[in-house]
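The values are calculated or read from the model by the stated rules, or taken from the named source; none is laboratory data. For clarity, every value in this text was computed on a predicted model and none was experimentally measured. Here the Cβ is made from the backbone with ideal geometry for all residues, glycine too, and neighbour counts use every protein chain on show.
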Amino acid sequence: MGELAGRVAIVTGSTRGIGRALAERFAAEGARVVVNGRARTTAEEAAREIAGETIGVGADVSVSSQVDAMVAQAVDAWGRVDILVNNAGISLDHFITRVPDDEWAQVLATNLSGPFYATRAIVPSMKEQTQGSIINMISWSGLRGNVGQAPYSSSKAGLIGLTLACAKELAKFGIRVNAISPAVATEIASDMPDELRTKAGSRTPLRRRGTMNDVAEAALFLAGDRSIFTTGQILNVDGGIHLT
């Protein structure tokens, strides 16, 4: 019996990268996992590749009706949702005066509105079972800001506020809301300025780059019963980058 046996998890943006690592780890621990990506065929293919009980659901998290449909599909398939990981995110980087309106709106819609829509949709199921764990993937940029990433930094800072507000609001229903701030080499991170990429690597206090597994283990802790008395927290999985 795995640590998450009998539980149902939705991981947004889980066809690749950190989200994929989390979906695989949760499935390995016995969870039934909704694997999500914008394209249905991509999500279904990723779900087939992950060992365990999974379904692939195509949904753009920036569209509330698609998020609602994804949550409804999970509840219809398995009767409940115990874990939500708001992982889907994008970064469109420019100096502040060169950020077009549509890119500003697109980043905030995906990185901030998406988690809001998913949280709003999932709460009725979690309230009914008087327990649940919501995990938001934030960023060093949301905590400290970063040159060339005004939309991304703003969206992640907003997600911190959403995490803290929901932690207070949902605690009485047994729903825990926490965030992870990772420093891991991902497709988004590949576009970071050299200075930030270096900080995320050998110059961190722990002297190495983070791995997908580092983040997956932190998410497993927050998803399961070992963190049953933990809510409203930001777990920095970054080798100490937040200390620099």
Original post:
Limited to the stretch 101-148, what total is found for residues that are touching a Leu at 6+ places or on another chain (Cβ under 9 Å), surrounded by fewer than 23 Cβ atoms within 10 Å (Cβ to Cβ) and over 30 Å from G79 (Cβ atoms)?
Top reply: 5
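Name the single residue that is nearest to the chain's Cα centre (by Cα) among those in the stretch 40-62 being of a type in the set (D, E, K, R) and part of a loop (DSSP other than H, G, I, E, B).
Applying the first criterion (of a type in the set (D, E, K, R)) to the stretch 40-62 yields 40, 44-45, 48-49, 53, 60.
Keeping just the survivors that are part of a loop (DSSP other than H, G, I, E, B) gives 53, 60.
Values: E53: 20, D60: 14 Å.
That would be D60.
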Subject >> So S190, is it surrounded by fewer than 14 Cβ atoms within 10 Å (Cβ to Cβ), of a type in the set (S, T, Y), at pLDDT below 90 and under 19 Å from Y152 (Cα atoms) >> reply: yes
Original post:
For F229, all conditions in the list (1) modelled with pLDDT of 95 or more; (2) touching a Pro at 6+ places or on another chain (Cβ under 8 Å); (3) outside any helix (DSSP H, G or I) hold save one; what is the number of the exception?
Top reply: (2)
**OP:** Quick one: count up the residues across the stretch 133-161 that are modelled with pLDDT of 90 or more, farther than 15 Å from F116 by Cβ and assigned to a strand (DSSP E or B).
**Re:** 1
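How many residues does the stretch 64-87 contain that are hydrophobic (A, V, I, L, M, F, W, C) and touching a Gly at 6+ places or on another chain (Cβ under 9 Å)? It would help to see each step written out before you state the result.
Initially, the stretch 64-87 is screened for residues hydrophobic (A, V, I, L, M, F, W, C), giving 67, 69-72, 74-75, 77-78, 81, 83-85.
Next, only the ones that are touching a Gly at 6+ places or on another chain (Cβ under 9 Å) stay: 67, 70, 81, 83-85.
Selection size over the stretch 64-87: 6.
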**OP:** Please verify whether the stretch 198-211 includes one or more residues that are modelled with pLDDT under 80, not polar (S, T, N, Q) and not in a loop (DSSP other than H, G, I, E, B).
**Re:** yes
Subject >> Every pair of residues 6+ apart whose Cβ atoms lie under 9 Å, when the first sits in the stretch 220-244 and is over 17 Å from A167 (Cα atoms) while the second is in a strand (DSSP E or B) and polar (S, T, N, Q) >> reply: N236/S181; V237/S181; D238/S181; I241/S181; H242/S181; H242/N236; L243/N236
Subject >> Conditions (1) crowded, with 20+ Cβ neighbours inside 10 Å; (2) in contact with a Gly (Cβ under 8 Å, 6 or more places away or on another chain); (3) not aromatic (F, W, Y); number of the one not met by T54 >> reply: (2)
